[in-house]
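The values are calculated or read from the model by the stated rules, or taken from the named source; none is laboratory data. Computed from a prediction, not measured in an experiment: that's the story for all the values here. Positions of Cβ are backbone-derived with ideal geometry, glycine not excepted, and every protein chain shown enters the neighbour counts. Ligands, DNA and RNA are excluded from the accessible area calculation, which covers all protein heavy atoms including side chains. Shrake-Rupley method; radii C 1.70, N 1.55, O 1.52, S 1.80 Å.
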Amino acid sequence: MSRDAGQVAGIGPMGVDIGTELRGAPDVLIDFSTPTSCLRRLEECAAASVAAVVGTTGFDDGGKEQLEFFSEKIPVLVAPNMSLGVNLMFKLVPQVAALLGEGYDIEIVESHHREKKDAPSGTARKLVEAICAALSRRAHDAVFALEN
C-alpha cells in the first residue's frame, strides 16, 4: 500500500507515492527504513537498475558489506544525515579535532526518544569516525554509553 508524500507531510497531494515496494520504473529509491528492509529494496533496485539514496542507519558489518556490493551494481548514495548543517559539521569536525590534538578529551552527547532504534545514531557514529580519522585513532575503540 502506498500513500502520497504530500498528504503524509500534511501539505496536500503531490503525486509522489511513498510505499514499501518498488513499483513501476522509478529513477531513484529513497530509503529511510531499517537495515533489513533497505537491503531488500536495494536488491530490487539492482535487478531493475534503479539508483538509491540511503538514509537508513544501524547497519552491522555484514550490512555494510552488502551496501558496498550493491554500490558496484547501481549508484548508491549512503548518508547518515541529510541535513546541510550536519554535513557541514562532518566536514569541520576533523579540522577542529586535528587543531585541538591529543591534549583534549572528546565526548559526543546526543539525546533521543527512548524508542530510537539505532542508538547511538548514524550521525554520532560518523562524527566519531571523522574525529578518530583526524587523530589517527581507531573508531571501533570508541565507547558508547546510553543513559536513560
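A few comments on the model shown:
- Amide H partners (placed H, <5 Å) of residue 16, local residues excluded: 5, 6
- C-alpha long axis of helix 84-100 to longest principal axis of the chain, angle in °: 20
- Here the chain is treated with +1 on each Lys and Arg Cβ and -1 on each Asp and Glu Cβ, and its dipole about the Cα centre works out to around 200 debye.
- Ranked by the mean number of other Cβ atoms within 10 Å of their residues, highest first, the peptides 30-39, 107-116 fall in the order 30-39, 107-116.
- Against the main long axis of the alpha-carbon atoms of the chain, helix 35-48 sits at an angle near 50°.
- Per residue accessible area of the stretch 31-148, 1.4 Å probe, in Å²: 69
- Value of relative contact order over the chain, rounded to a whole percent, pairs C-alpha under 8 Å and six or more apart: 16
- Reach of residue 116 by Cα under 18 Å, taken over lysines that are not fewer than 8 positions away in the same chain: 126
- For the chain, with all protein chains in place and a probe radius of 1.4 Å, 53% of the accessible heavy-atom surface sits on carbon or sulfur.
- Once the Cα gyration tensor of the stretch 70-148 is diagonalised, semi-axes √(5λ) in Å: 22, 19, 13
- Nearest-0.05 FRET efficiency for residue 44 and residue 116, computed from C-beta distance (R0 25 Å): 0.40
- Long-range amide H partners of residue 77 with built H, under 5 Å: 52, 53, 54
- The chain, helix-only ellipticity at 222 nm - DSSP H runs n ≥ 4, -39,500 (n - 2.57), divided by all residues, nearest 500: -12500 deg cm²/dmol
- 0 to 90° range, to nearest 10: angle between helix 122-134 axis and the chain longest Cα axis: 40
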